[in-house]
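See structure below.
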Amino acid sequence: MTVGLIAIMVVVYLAMTVSGGSTNVNVLITYGAKVNALIQQGEWWRLVTPIFLHIGFTHILMNMITLYFVGIQIEAAFGHARFLGIFLISGIGGNIASFCFSDSLSAGASTAIFGLFGAFLMLGESFWQNPNIRQLSQTFLGFVVMNILFDLFAPGIDLAGHIGGLAAGFLVAYTLGVPRIGRVSTVKRIVATVVLIVGLVWLYMSGLSR
């Protein structure tokens, strides 16, 4: 799944380049970037399509490198289908948060990638007794903190999207469970599912009413 997602994004990037360039605003809008006004007019799919778009070569290069190394590990832990669910729901969740809190045009797999970080944090919380998982989760927690601090001072970064994706990934990882590693408390899974659904609906409705 990880390699397949990367392949799709590279193909889309090449198509955008041929169409006029991935940094061209008109091309980005045509291919489905997040544009709040258009989402408010009913183009809800713009909460999904931005996951597969990137703005410039550096953007896609960095995201694909990160997706490969993080995605391979999460896919191995959760399995193919669960990994895809975490990736897509995190990406959508991050875009909904961006829709609610940011007026800027945005695109990129970063929302979904932050969701994979969130899944790592879920593993750390649920299986802290496992030394390998504990070490990985601590590493990724530090990485998340550094990235958020960087987002605060870097122009053009969709902080709301990143935090939204992180939270969605953390919650959906509980919802889907991780049977390859161990059992997750049923209570935690139910609470996480309710919080995820209510949170996404509230953010979406808030974005529509802005």
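The values are calculated or read from the model by the stated rules, or taken from the named source; none is laboratory data. Note that the coordinates shown come from a computational prediction; the quantities given were computed from them, not determined experimentally. Counting neighbours? That spans all protein chains shown, and the Cβs are built from the backbone with ideal geometry, glycine included. SASA here: full protein model, heavy atoms, side chains in, ligands and nucleic acids out. Shrake-Rupley method; radii C 1.70, N 1.55, O 1.52, S 1.80 Å.
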Single condition L84 does not satisfy, out of (1) crowded, with 24+ Cβ neighbours inside 10 Å; (2) at pLDDT 95 or above: (1)
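Restricting to the range 1-21, what's the tally of residues that are among the polar types (S, T, N, Q) and surrounded by fewer than 13 Cβ atoms within 10 Å (Cβ to Cβ)?
We begin by selecting, within the range 1-21, every residue among the polar types (S, T, N, Q); these are 2, 17, 19.
Imposing the further condition that a residue be surrounded by fewer than 13 Cβ atoms within 10 Å (Cβ to Cβ) reduces the set to none.
Count: 0.
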From S102, S106, which residue is touching a Ser or Thr at 6+ places or on another chain (Cβ under 9 Å) and not hydrophobic (A, V, I, L, M, F, W, C)? S106
Evaluate the range 48-64: report whether one residue or more is in contact (Cβ under 8 Å) with a residue 60 or more places away in the chain and surrounded by 17 or more Cβ atoms within 10 Å (Cβ to Cβ). yes
Within the range 94-110, considering residues that are surrounded by 24 or more Cβ atoms within 10 Å (Cβ to Cβ) and of a type in the set (A, V, I, L, M), the one farthest from N26 (Cα to Cα): A97
Among the numbered criteria (1) touching a helix residue (DSSP H, G or I) at 6+ places or on another chain (Cβ under 7 Å); (2) surrounded by fewer than 14 Cβ atoms within 10 Å (Cβ to Cβ); (3) within 18 Å of A81 (Cα to Cα), which one does G182 miss? (1)
Pick from the range 192-203 the residues that are free of Cβ contacts under 8 Å to residues at least 24 places away in the same chain and under 16 Å from G118 (Cα atoms): which of them is most open to solvent (accessible area, probe 1.4 Å)? T193
Odd one out for I39, checked against (1) open to solvent by 10 Å² or more (accessible area, probe 1.4 Å); (2) in contact (Cβ under 8 Å) with a residue 24 or more places away in the chain: (1)
Which numbered condition in (1) among the hydrophobic types (A, V, I, L, M, F, W, C); (2) touching a His at 6+ places or on another chain (Cβ under 8 Å); (3) surrounded by fewer than 20 Cβ atoms within 10 Å (Cβ to Cβ) is the only one that V187 fails? (2)
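I'd like the residue in the range 111-133 that is open to solvent by less than 70 Å² (accessible area, probe 1.4 Å) and farther than 13 Å from A167 by Cα and, out of all such residues, is modelled with the highest pLDDT. Outline the logic, then answer.
Taking the range 111-133 and keeping what is open to solvent by less than 70 Å² (accessible area, probe 1.4 Å), we get 111-124, 126-127, 130, 133.
So of that shortlist, the ones also farther than 13 Å from A167 by Cα come out as 123-124, 126-127, 130, 133.
Working: L123: 88, G124: 83, S126: 81, F127: 80, N130: 76, I133: 75.
Here the residue is L123.
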Of all residues in the range 149-166 being surrounded by fewer than 22 Cβ atoms within 10 Å (Cβ to Cβ) and in contact with a Phe, Trp or Tyr (Cβ under 9 Å, 6 or more places away or on another chain), which is modelled with the lowest pLDDT? I157
